[in-house]
Structure formats: structure tokens, C-alpha cells
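The values are calculated or read from the model by the stated rules, or taken from the named source; none is laboratory data. Computed from a predicted model, the values in this text were never measured in an experiment. In this analysis, Cβ positions are derived from the backbone assuming ideal geometry, glycine residues included, and neighbour counts consider all displayed protein chains. Remember, those area values only see protein heavy atoms, side chains included, never the ligands or the DNA or RNA. Shrake-Rupley method; radii C 1.70, N 1.55, O 1.52, S 1.80 Å.
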Amino acid sequence: MSLLSDLINLNLSESTEKIIAEYIWVGGSGMDLRSKARTLPGPVSDPAKLPKWNYDGSSTDQAPGDDSEVILYPQAIFKDPFRRGNNILVICDVYTPAGEPLPTNKRYGAAKIFSHPDVAAEEPWYGIEQEYTLLQKDVNWPLGWPLGGFPGPQGPYYCGIGADKAYGRDIVDAHYKACIYAGINISGINGEVMPGQWEFQVGPSVGISAGDEVWAARYILERITEIAGAIVSFDPKPIPGDWNGAGAHSNYSTKSMREEGGYEVIKKAIEKLGLRHKEHIAAYGEGNERRLTGRHETADINTFSWGVANRGSSIRVGRDTEKNGKGYFEDRRPASNMDPYVVTSMIAETTILWKP
């Protein structure tokens with residue numbers, strides 16, 4: 001008799017050409033990921049060859065009950081690390097039956113910016129540092145923390161090892177390998193300053209693919225924590241007090257910044273970001289005012305600043321970039337719950353297209 005695990009791990013390609021495609025989209029809150037699966041007659045590698053699909057938008061806070069149909073447009077394909085074989089994960093964005101993008105469809109506006117000839121010519125690269133906190137199920141308290149109590153103060157946990165410092169490494173490593181398997185350009189992981197908090201990095205990714213890959217990586221992380229019986233939180237300040245918040249530092253460069261004389265281009269771009277500081281803060285994630293206090297490696301939310309190797313500034317430029325006269329910079333303002341489509345496209349729009 002087969003065990004449940006045997007059936008879950010059945011290799012479909014031994015008996016059929018058919019595959020399973022898991023369609024993934026962002027729900028009405030802007031952070032809730034949803035998904036459902038369908039059978040396709042054979043392997044697919046081009047999103048344009050996938051059928052559109054629909055769902056009940058009234059159950060995701062994206063449509064009224066008397067006109068509830070929302071249409072899924074497939075946009076990016078990743079290998080499915082859960083079902084494996086030829087099965088796929090499909091990142092979708094959402095539209096009305098008339099073809100209008102829903103207000104929660106942030107990919108649509110980002111794709112318009114990234115397809116602008118001036119932006120495409122600059123080949124914008126992104127590296128997103130996604131921080132998150134692992135919580136114990138039912139109690140919403142960080143993994144490894146005593147119930148109703150606190151661990152020792154911050155210091156030994158950042159990149160720490162040992163059962164008294166690193167909580168949830170099995171989840172983190174499973175996620176790391178699953179993302180590589182899926183074809184996500186994940187470039188690393190590390191334990192963070194607050195115990196129970198971790199980070200993964202996606203990139204370098206070009207243009208719209210940065211947003212697709214971050215959302216796919218978030219989806220895989222949510223699925224793995226589901227299996228492990230834990231909760232993942234993207235709250236920018238999950239624990240009040242003397243504990244680090246969670247951000248999504250966004251590293252960025254254009255072709256002009258990566259070439260000789262690029263440091264001057266970087267400084268002009270930072271100047272433009274400073275002029276639109278309030279607009280960027282408004283789009284960089286909810287609850288960010290609890291995180292951007294001027295403490296715990298952040299700049300104050302109301303003040304724009306930049307510096308070389310300064311983790312207390314809004315924008316940090318690396319020593320290598322200063323020394324080489326070209327490279328990239330890091331926008332440290334985005335919160336962990338930011339929408340990567342919004343943040344990446346807004347940085348490109350401000351630094352490339354916007355004329356002060």
C-alpha cells in the first residue's frame with residue numbers, strides 16, 4: 001500500500017505528458033498571495049502559450065459579488081519545486097473581463113515603465129534583500145523565543161550559528177534550494193540581527209523580472225512555512241522596542257552607472273531620489289514609520305540622507321563603488337512588505353525618466 005508521501009511524490013512523466021500548472025496572483029490586500037492549479041496537456045516554457053484563467057474576485061476583495069469574475073494573465077514561469085518534474089509555477093497579474101488592469105495589479109504599471117525605450121536602454125539591474133520573520137503558529141511570537149518572554153539582547157544572532165542563536169534554519173535552507181531549483185535568481189541567505197529573522201537576496205535581475213522573482217520567492221517561502229507549521233511575517237517591525245525591523249533594501253544600477261564615470265551618474269540619481277523622498281516613502285510599504293526611526297540601522301522616515309558605507313542613511317553607496325568610480329547604490333528605505341513591482345519601477349522612473 002502506498003503511503004501519502006509516495007503519492008505526493010509520484011513522477012507524472014512516467015505515465016503521462018500532462019503537467020500541473022500552479023497559477024499564482026496577489027490578492028486584494030496587496031500582500032496576500034493566492035494560487036490554484038490546473039492540468040495542461042503537455043510541458044510549457046513560454047507564458048504567452050499558457051491559457052488565461054479566471055477566479056472569484058469577490059472572495060479575494062478584488063471584485064463585487066454581482067460581477068465577481070477576475071481574469072488571470074500568465075506572465076512568468078518557474079519550475080515547481082513541490083511537484084517537480086515538468087510541473088510549473090506561473091506568476092500572473094489580474095484584469096477585468098474587459099481587459100482593464102485591477103487597481104491591485106501593480107505589475108501592469110511597472111511593465112509600462114520598464115518597456116519605455118529610455119529605461120530599456122539603461123538595462124536597470126536590481127538586487128532585493130528580502131527580510132522576514134518566522135513566527136510560531138497560533139501564538140504569533142518569533143520562532144525560538146520563549147512564550148511570553150524574550151531572548152537575550154541583539155548581538156550574537158546576525159549570521160549566527162548554534163541552536164541558541166539560529167531559529168528556523170531548516171526552513172531557510174529548504175527555501176534557498178527550492179528557489180534555485182525553480183530558476184529564481186536567488187543569490188544568498190543570512191540570519192538577521194533579531195533572532196528568528198532571516199534574509200534572502202534576489203538578483204541581479206533585470207527590469208520587471210526582479211518583481212516576478214521576488215513574488216515567486218515569497219510564494220515558495222509561504223508554502224514551505226505551511227509545510228513546517230510556522231508563519232512567515234513581512235511586517236516591517238514585528239516586535240516593538242529594542243529589536244531590528246525588517247526591510248527590503250533595494251540595490252540598483254543602470255548601464256551608465258556601471259560604466260566609466262558612473263559615480264557621477266549615481267550622485268545625480270541620488271539627488272533626484274532626494275527630491276521625491278515623500279512620494280517614495282508613501283509607496284515603500286505599510287507601517288514603515290515603525291521601522292524608519294533613525295535607530296537600528298535606519299534613517300529617520302522624514303529625512304533624506306546618503307553616504308558611503310553608512311547604514312544609517314536613506315541611500316548607501318558601497319566603498320567599492322566610490323573607489324572604482326562606478327557601480328551601484330542601495331536604497332535602504334523600502335519595508336519588508338513593499339511591492340517589488342512598485343519599488344523597482346519607481347526607482348527607474350525617478351532616476352531615468354523624471355525631469356525635476
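Observations on the model:
- Verdict on Asp118 being farther than 23 Å from Ala217 by Cβ, among the acidic types (Asp, Glu) and in a loop (DSSP other than H, G, I, E, B): no
- Of all residues making up region 174-188, the number that are of a type in the set (Val, Ile, Thr) and surrounded by 18 or more Cβ atoms within 10 Å (Cβ to Cβ): 2
- Some residue of region 76-85 being over 18 Å from the mean Cα position of the chain (by Cα), surrounded by 15 or more Cβ atoms within 10 Å (Cβ to Cβ) and not in a loop (DSSP other than H, G, I, E, B): no
Residues are listed down the side, and each one gets a yes or a no for (1) assigned by the TED database to the domain that holds Asn337; (2) under 30 Å from Tyr73 (Cα atoms); (3) of a type in the set (Val, Ile, Thr):
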{"site": "Gly149", "(1), (2), (3)": "yes, no, no"}
{"site": "Gly162", "(1), (2), (3)": "yes, no, no"}
{"site": "Gly168", "(1), (2), (3)": "yes, no, no"}
{"site": "Ile171", "(1), (2), (3)": "yes, no, yes"}
{"site": "Val193", "(1), (2), (3)": "yes, no, yes"}
{"site": "Asp212", "(1), (2), (3)": "yes, yes, no"}
{"site": "Ala216", "(1), (2), (3)": "yes, yes, no"}
{"site": "Tyr219", "(1), (2), (3)": "yes, yes, no"}
{"site": "Glu222", "(1), (2), (3)": "yes, yes, no"}
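- Spans of strands (runs of 3 or more DSSP E) in region 236-343 with at least 3 residues farther than 30 Å from Leu33 by Cα: 306-308
- Scanning region 225-242 for residues that are among the hydrophobic types (A, V, I, L, M, F, W, C) and either touching a Pro at 6+ places or on another chain (Cβ under 9 Å) or not assigned by the TED database to the domain that holds Leu273 (or both) yields a total of 1.
- Evaluation of Ile347 against (1) assigned to a helix (DSSP H, G or I); (2) closer than 15 Å to Pro236 by Cβ; (3) touching a residue at least 40 places away in the same chain (Cβ under 8 Å) (one fails), failing number: (2)
- Test: residue in region 50-58 that is surrounded by fewer than 15 Cβ atoms within 10 Å (Cβ to Cβ), over 26 Å from Lys177 (Cβ atoms) and in contact with a Phe, Trp or Tyr (Cβ under 8 Å, 6 or more places away or on another chain): yes
- For region 119-173, filtered to residues that are hydroxyl-bearing (Ser, Thr, Tyr) and open to solvent by less than 20 Å² (accessible area, probe 1.4 Å), the residue that is nearest to Phe329 (Cα to Cα) is Tyr126.
- Those residues of region 70-93 which are touching a Phe, Trp or Tyr at 6+ places or on another chain (Cβ under 9 Å) and at positive phi, in sequence order: Arg84
- Taking the conditions (1) closer than 19 Å to Gln130 by Cβ; (2) surrounded by fewer than 20 Cβ atoms within 10 Å (Cβ to Cβ) in turn, Tyr328 satisfies each one other than (2).
- Unique match (being at positive phi and either acidic (Asp, Glu) or not assigned by the TED database to the domain that holds Ala283 (or both)) among Asp67, Asp61, Asp32: Asp61
- Residue in region 41-54 that is touching a strand residue (DSSP E or B) at 6+ places or on another chain (Cβ under 9 Å) and part of a strand (DSSP E or B) present: yes
- Given (1) assigned to a helix (DSSP H, G or I); (2) touching a residue at least 24 places away in the same chain (Cβ under 8 Å), index of the condition Val202 fails: (1)
- Condition broken by Arg107, with the remaining ones in (1) out of contact with any Gly (no Cβ under 8 Å at 6 or more places or on another chain); (2) open to solvent by less than 60 Å² (accessible area, probe 1.4 Å) satisfied: (1)
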